[in-house]
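The values are calculated or read from the model by the stated rules, or taken from the named source; none is laboratory data. Please read these numbers as outputs of a predicted model, since none were measured by experiment. In this analysis, Cβ positions are derived from the backbone assuming ideal geometry, glycine residues included, and neighbour counts consider all displayed protein chains.
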Amino acid sequence: MTYAGARGRTLSQMRRVLHFNRISAKCSVHEGFRGLLTELLATKYSHVLKVANRIFIDQRFSILDNFAYITKHNYGAKAVKLPFFRTPNLARKNINRWVSRKTDGKITSLLPRGSVTKQTALTLVNAITFKGNWLYKFTGYETTLERFYKSKTTLVEMMRMTVAAPYLRYANDRSLHAEILELPYVDTRVAFYVVLPYRSSSLSALEQQFRWNPDALDLKPRRMLVRLPKFTVRSKVNLAGQLRDMGMRDLFGAADLRGIDGKRDLFVPGVFHEAYIKVSETGTDAGAATAVLQGKSYLRDFGETFVANRPYLFFIWDRSTSSLLFSGRFCG
């Protein structure tokens, strides 16, 4: 949404960093996002994906009609006025309450104390949640306390789930020194991918050479026994530093955002992002805002075995729209 208001050098930097320079017309970016959101939010699928966008404006401030139209028409972002100047902390709490409501309580404090001040003119907020059920559900009675190797010298105990699946796509990629597993949801257009480095390798080595490209994954159907940690991951970060280092410098200082209000006195002090991922026996619960017992089992001899007992990368991919919904690393 910020891109819709950028002009001049600020626009050029954003276009380059976001790889929008391959798109001919600026309006095509917003039209593309509108089409993507329409497809992603289609109700014909049993998993639940929710996306919410909103513009919060100081009561003394106004935005251009064109910016309001672009953000409302393409992103569904309604503009709401809040008392940033009079009561900035109250305004911050109101925004956090909205995010909490839109993420079903998963993200409750996107904006930290002090992030909203009397100088805040507007805040653009995006929230997304996903909940999907596994096509092959993990059995609760096979969930046991097992060893997880955070590093070659650090060992912890955590709950590990087990599923025996007659058909999963899998690859043993010797060039990456990693195993790759696809775990489909009930709606098979969306899947959860695990990229697990060999024991002889490491997650840092994998991250240096791995680039997410599902078309390049040579996955083959296998009868698999999968052992995966039951986990919840929550991360919170201000992305301003990373975006500045990537080349989006003017946005956080001498910004040209006159497409928002017709003036050149706006800049972005911070980009707060918070993400939440929960993986359990039934499926995945995820949200984001831009804010040893050794158990014996009858499953032991079921096909090939995939044991995620060390740090790995994970991705949630919607193949029908070629959209990466969530990605992260799990380190125990």
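Within the range 209-222, does at least one residue satisfy the condition of being in contact with a Gly (Cβ under 9 Å, 6 or more places away or on another chain) and assigned by TED's automatic domain parsing to the domain that holds PHE306? Checked the range 209-222: at least one residue is in contact with a Gly (Cβ under 9 Å, 6 or more places away or on another chain) and assigned by TED's automatic domain parsing to the domain that holds PHE306. At least 2 residues being surrounded by fewer than 18 Cβ atoms within 10 Å (Cβ to Cβ) and in the same structural domain as LYS102 (by TED's automatic domain parsing) is the threshold, and among the helices (runs of 4 or more DSSP H) wholly inside the range 1-90 those reaching it are 8-17, 26-40, 65-75.
Counting only residues that are closer than 22 Å to THR108 by Cβ and surrounded by 13 or more Cβ atoms within 10 Å (Cβ to Cβ), the range 223-239 holds 6 of them.
The residue pairs whose first member lies in the range 236-249 and is assigned by TED's automatic domain parsing to the domain that holds ASN96, whose second member is outside any loop (DSSP other than H, G, I, E, B) and exposed (fewer than 15 other Cβ atoms within 10 Å of the Cβ), and whose beta carbons are closer than 8 Å, counting only pairs six or more residues apart or on different chains, are GLY247/ARG16. For residues that are more than 12 Å from PHE306 (Cα to Cα) and among the charged types (D, E, K, R), scanning just the range 182-199, find the one that is surrounded by the fewest Cβ atoms within 10 Å (Cβ to Cβ). Within the range 182-199, the match that is surrounded by the fewest Cβ atoms within 10 Å (Cβ to Cβ) is ARG199. In the set (1) at pLDDT below 85; (2) part of a loop (DSSP other than H, G, I, E, B), ASN126 fails one condition alone, (2). Here the range 227-248 is the region considered, the condition is being in a loop (DSSP other than H, G, I, E, B) and within 24 Å of ILE63 (Cβ to Cβ), and the residue that is modelled with the highest pLDDT is MET248. All of LYS230, LYS263, LYS220 fail the test of being charged (D, E, K, R) and closer than 24 Å to ILE70 by Cα, apart from LYS263.
Within the range 305-320, can one find any residue that is at pLDDT below 85, farther than 21 Å from LEU196 by Cβ and out of contact with any Cys (no Cβ under 9 Å at 6 or more places or on another chain)? Within the range 305-320, one or more residues are at pLDDT below 85, farther than 21 Å from LEU196 by Cβ and out of contact with any Cys (no Cβ under 9 Å at 6 or more places or on another chain).
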